[in-house]
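The values are calculated or read from the model by the stated rules, or taken from the named source; none is laboratory data. Please read these numbers as outputs of a predicted model, since none were measured by experiment. Here the Cβ is made from the backbone with ideal geometry for all residues, glycine too, and neighbour counts use every protein chain on show. We work out accessible area using only protein heavy atoms, side chains counted, and drop any ligands, DNA or RNA first. Shrake-Rupley method; radii C 1.70, N 1.55, O 1.52, S 1.80 Å.
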Amino acid sequence: IYLDRNACKIIFSGSLCQKNEVPREADGLKIQFQRINPIKYKVKVSGAQQPYVLVFSEAFHRKWKVFFSSKKVPTIPLGSTYFNGEIREEIINYNLFDKNALETLSMKSLPESTHIMVNGYANAWYITPAYADNKETYDLIIEMTGQRIFWVGTFISVASLVLLGIYVCRLFINHSVQRL
């Protein structure tokens, strides 16, 4: 990965940043991910014994967050593998209206200080075992949290439309009864 010196200094020591090297300490790390929809991905991490940088190749935005999921990510049919099987991409699920759209509201997210820009455009998070309660295997959800405004707005709009429909029907029925 390419890491800007200022972003590097936030996570790594200044001496590592001067050498233009980011250590690859995550030997044995395996990552399995699935795209749920354009704003949500589920990730299964195993073999995480050392800190590592999780790179997410979407345009950098502060509203992308990583959450530790208490639910296990189900095994999904394999789509592709990368880096000798270290990274597995599952078959894409194009579920725009995910029934678990607000599941991350009660989940713990990674601290904002771990979220950095890499490669000049992409999101990345520096994840240490301490953030995962020193577990080697865990599930993550990467989500664009700004989308929550859409879901809340949609709920309010639909509820308002239903209430307005009930009110108009009630007026119509009352008006019809009065004519009789």
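Things worth noting here:
- The stretch 135-148 residues that are under 8 Å from residue 44 (Cα atoms), paired with ones that are open to solvent by less than 20 Å² (accessible area, probe 1.4 Å) and small (Gly, Ala, Ser) (beta carbon under 6 Å, 6 or more apart): 138/132
- 2 or more residues of a type in the set (A, V, I, L, M, F, W, C) and over 11 Å from the mean Cα position of the chain (by Cα): qualifying strands (runs of 3 or more DSSP E) within the stretch 115-154: 115-118, 122-127
- Contact annotation: residue pairs with Cβ atoms under 8 Å, 6 or more positions apart or on different chains, pairing a residue in the stretch 109-128 that is buried (at least 19 other Cβ atoms within 10 Å of the Cβ) with a partner that is among the aliphatic types (A, V, I, L, M) and part of a loop (DSSP other than H, G, I, E, B), are 118/1; 124/1; 125/110; 127/48; 127/110.
- Verdict on residue 40 being within 22 Å of residue 129 (Cα to Cα), surrounded by 12 or more Cβ atoms within 10 Å (Cβ to Cβ) and either of a type in the set (Ser, Thr, Tyr) or modelled with pLDDT of 70 or more (or both): no
- Only one of 177, 152 that is open to solvent by 50 Å² or more (accessible area, probe 1.4 Å), at pLDDT below 80, more than 30 Å from residue 2 (Cα to Cα) and β-branched (Val, Ile, Thr): 177
- In summary, strands (runs of 3 or more DSSP E) completely within the stretch 47-106 and bearing 3 or more residues that are modelled with pLDDT of 85 or more and closer than 16 Å to residue 132 by Cα occur at 52-59, 64-69.
- Identity of the residue in the stretch 163-174, within 30 Å of residue 105 (Cβ to Cβ) and open to solvent by 80 Å² or more (accessible area, probe 1.4 Å), that ends up farthest from the chain's Cα centre (by Cα): 166
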